[in-house]
1. Could you line up 167, 121 from fewest to most neighbouring Cβ atoms inside 10 Å?
2. Please figure out what share of the DSSP beta bridges in the chain is antiparallel and state it in percent, rounded to the nearest 5.
3. Given a 10 angstrom Cα cut-off, can you work out which residue in 108, 195, 126 is the most mobile in a GNM of the chain?
4. Cα axis of helix 74-83 to longest principal axis of the chain: angle in degrees, 0 to 90, nearest 10?
5. What's log10 of I(q)/I(0) for segment 50-181 at q = 0.10, 0.15, 0.20 Å⁻¹, Debye sum over Cα points only, no solvent?
6. Give me the angle, in degrees from 0 to 90, between the Cα long axis of helix 166-189 and the longest principal axis of the Cα atoms of the chain, rounded to the nearest 10.
7. Have a look at 50, 12, 175 and tell me which one the Gaussian network model of the chain (Cα, springs below 10 Å) gives the largest fluctuation.
8. For the Cα atoms of the chain, what angle does the longest principal axis make with the long axis of helix 3-17, in degrees from 0 to 90, nearest 10?
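The numbers here are math on the coordinates, done by the rules we state, and not lab data. Keep in mind it's a predicted model, so treat the numbers as computed, not measured. Virtual Cβ from ideal backbone geometry, glycine too; neighbours counted across all protein chains shown.
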Ligand SMILES: [Zn+2]
């Protein structure tokens, strides 16, 4: 029994239940000391069990444990962990609303506090790059090399979020999709009112870190 891996498997199944991935789409990982556990290639999160998740050295990329191939997008996980010592978990999903909104040329813009507090100002919207390629992994690594970047949109593909824990990374994915859902519906009935720079600055003054902890504590209490 491994707590980090168990938490990862549970979060991955919640992504399926929430409709944020289908089939064998998406991939998730969690850091374990100098290594990481990553979801296996070709499995739905609903079916993948602990023995299917390979353990890989972050520094060398070598598979240390497991008989199954890692996700084909293993490079973006490895390279991000190498540049972000604060990151312990990554979630890559294919959320429908975010994909719909962003492939139509919109960028996610903060409408409600939780989204802004969890994702902050630096949410890059990367152009489409062929999935699973080192070129995509390099762009992801470059964007996450900014220490204030916790999530990004890959246009015509999906989202990637990171966190100090699996829960935090997963919650950021959900906050992005919730933001996209609200923004999409607001755009269909009128002109959305976004949080102004001033309103965001006031949220910054609240102490994002403190507020994040409060949200996480509430989430744990309600789960
Ligand atoms: Zn993908």
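1. 121, 167
2. On the way: 23 of 25 bridges.
Antiparallel bridges: around 90 percent, rounded to the nearest 5.
3. 195
4. Taking Cα atoms only, the helix is inclined about 70 degrees.
5. Each listed q corresponds, in turn, to -0.31, -0.69, -1.19.
6. Compared with the principal axis, the helix lies near 40 degrees.
7. Greatest mean-square fluctuation among the candidates belongs to 50.
8. With rounding to tens, the tilt is 60 degrees.
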